[in-house]
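Below is one structure, written out as structure tokens, with a few remarks after it.
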Amino acid sequence: MIATVPGRCDVGFVTAAVGWIVQVGVVPAARGAGVGAALVREAMTRMQTDGATEVWLDVNVNNPAARLYARLGFRNEGRRARYQP
């Protein structure tokens, strides 16, 4: 899903599968305007319509978007070790 400002450009996106937020991105100039929240809410609404009863996502502990996810009702279910190839 892509968020576009009419007459300007694409400002954000969310990729998701039923029950899973894979990635959310918002261009720096559009951050703080509710674009990310709107995208996540819409993705969750569509997932619920498709039968999802829960939604999961991963976020780095130092990612400022973690506050957004907490405001949207996500809660910390644990931590995993840092990925290293």
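So here's what we get for this one:
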quantity: Residue in segment 24-42 that is over 22 Å from R80 (Cα atoms) and in contact (Cβ under 8 Å) with a residue 40 or more places away in the chain present; calculated: yes
quantity: Qualifying residue in segment 65-76 (condition: at pLDDT 90 or above, under 14 Å from the mean Cα position of the chain (by Cα) and in a strand (DSSP E or B)); calculated: no
quantity: Residues of segment 11-21 classified as in contact (Cβ under 8 Å) with a residue 24 or more places away in the chain and either in a strand (DSSP E or B) or surrounded by 20 or more Cβ atoms within 10 Å (Cβ to Cβ) (or both), total; calculated: 7
quantity: Leading residue by the ranking (surrounded by the fewest Cβ atoms within 10 Å (Cβ to Cβ)) among those in segment 64-85 that are of a type outside the set (F, W, Y) and in contact (Cβ under 8 Å) with a residue 24 or more places away in the chain; calculated: R71
quantity: Some residue of segment 41-63 being modelled with pLDDT of 90 or more, outside any loop (DSSP other than H, G, I, E, B), loosely packed, with under 14 Cβ neighbours inside 10 Å and among the hydroxyl-bearing types (S, T, Y); calculated: yes
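The values are calculated or read from the model by the stated rules, or taken from the named source; none is laboratory data. For clarity, every value in this text was computed on a predicted model and none was experimentally measured. A quick note on method: Cβ atoms are made from the backbone with ideal geometry, for glycine too, and the neighbour counts reach across all protein chains shown.
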